[in-house]
1. Please find, within segment 299-336, the residue that is surrounded by the most Cβ atoms within 10 Å (Cβ to Cβ) out of those that are modelled with pLDDT under 70, part of a helix (DSSP H, G or I) and of a type outside the set (A, V, I, L, M, F, W, C).
2. Test of understanding: among 102, 121, which residue is in contact with a strand residue (DSSP E or B) (Cβ under 9 Å, 6 or more places away or on another chain), more than 16 Å from residue 11 (Cβ to Cβ) and either of a type outside the set (Asp, Glu) or in the same structural domain as residue 58 (by TED's automatic domain parsing) (or both)?
3. Within segment 1-25, track down each residue that is outside any strand (DSSP E or B) and of a type outside the set (Ser, Thr, Tyr).
4. Here are 104, 90, 154: which of them is surrounded by 21 or more Cβ atoms within 10 Å (Cβ to Cβ), among the polar types (S, T, N, Q) and assigned to a loop (DSSP other than H, G, I, E, B)?
5. Return the only residue of 76, 137 being touching a helix residue (DSSP H, G or I) at 6+ places or on another chain (Cβ under 9 Å), surrounded by fewer than 19 Cβ atoms within 10 Å (Cβ to Cβ), aliphatic (A, V, I, L, M) and not in a loop (DSSP other than H, G, I, E, B).
6. Return the pair list, or none, for Cβ contacts closer than 8 Å from residues in segment 191-212 that are loosely packed, with under 14 Cβ neighbours inside 10 Å to residues that are of a type in the set (Ser, Thr, Tyr) and part of a helix (DSSP H, G or I), at least 6 apart or on different chains.
7. Among the candidates 26, 8, single out the residue that is crowded, with 23+ Cβ neighbours inside 10 Å and aliphatic (A, V, I, L, M).
8. What is the one condition in (1) touching a residue at least 60 places away in the same chain (Cβ under 8 Å); (2) within 21 Å of residue 3 (Cβ to Cβ); (3) part of a loop (DSSP other than H, G, I, E, B) that residue 28 does not satisfy?
Amino acid sequence: MLDYRNELERSTGQIFVVSATSTEPLGTGFCISPSGYVLTAGHLFTNCKPDNIFQIVFQGMDPLPLMVASSQYDRATGKDLAICKASAPSPLPYLSLRFPKTCSGPMSERGYPTVIGEQSTANGQFLGIINVAGSSANRLFHFESDQAGAPGFSGSAVYSIKEGGVVALQTEAAEAKVGPQWNSVLAFPLFHISDQLDQLPAATRWSWWFRSRIRALFSNSVQVAIVTVSLFFIVATCVVTGQRMLSFNQMMTAFSDPNFDKLDTAETAFWLSAAGQNFLDKHKEADGSFSKDIYPFMEQHPDNLKNVLELANIYEKASDCFLGSLCFDGQVCVALYPRIWNFYHQYQGVWSGIEKKMNNRVDVNMERFLRDVCDGERNQLCRDVGNASSICH
């Protein structure tokens, strides 16, 4: 898509007039739609007869019949245009068009100079505009090129690097071979016929806009850098957002899973049982022995210890989601803070006991959760829930 040179080469053809005795080259034309519409200079057909037959030959293709739909040539006003239709068995490569009223910067075109007889490149610079007879209705583009003045380039597509598309068709070049204006060339701007080209399918016209905008964007190194950086941040934002959505979804799925409800119900039922109530009654004063005694007590009830460890795994994932800034803000997340807080506080003696017995760090860590939770949430929890941890002091 970014290689306009290849598009120019494939979409530019040589126009011939065919008679019973000869086939003569007239000039250059270029395709503007996959259905075969071709633009060229109107003056190519001024000396042709009504019964003449025309052909266009694109690179690597057989000659195609060419019908002249309309032709205009008035040197006094600068109007020089022909709209033609090539008959092809399959879609043709075509150029993207732009319709500016002024142009600047470098230009390029492909044409068929008579002397060579093969497709050649002409490069140059836009110089400005010429309003023939002082009227903008007769505006022509003016550019300089050392190659485009050769006979045979008439009708070539004038491609603007800055615009990213074809903006005009070449109509006339200076006849002088020396002097300050020897390489001056005139071109008929396509904005004059934009209304006529609106008749083409919308898909074709949208493809002109899209392809030319992409090329224009990447023609400037500063714009390329800006686009690259912007795309990087867009992709990075999408990745981070995707990770947050995935983590949050996984966390909420865990809390809505029937297995969590089963574990949570079993853990609550245990503390309502006779053994649980006896232990709680014994430690009503919460004098510090609760945390010390809970692990030996839980070892005597391995089923509940297993439930608690599975619940801890779910709560740990939730706290990792919060601490890693992967959870989205909202009432759902805020409501889970007290649950995690209370669970970790209640069972902190279990984690200490497991660490001592197994001489191994347990991943569940209330202190880390309390320390890293944001100040506002931590202060609110300390007020509403309360905690013996030094984090609240």
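The values are calculated or read from the model by the stated rules, or taken from the named source; none is laboratory data. All of these numbers come straight from a predicted model, not from anything done at the bench. Positions of Cβ are backbone-derived with ideal geometry, glycine not excepted, and every protein chain shown enters the neighbour counts.
1. It comes out as 319.
2. Matching residue, one of 102, 121: 102.
3. Within segment 1-25, 1, 2, 3, 5, 6, 7, 8, 9, 10, 20 meet the criteria.
4. It is 154.
5. Just one listed residue meets the conditions, 137.
6. Listed by first residue and then by second, the contacts come to nothing, as the list is empty.
7. The match here is 26.
8. Residue 28 satisfies every listed condition except (3).
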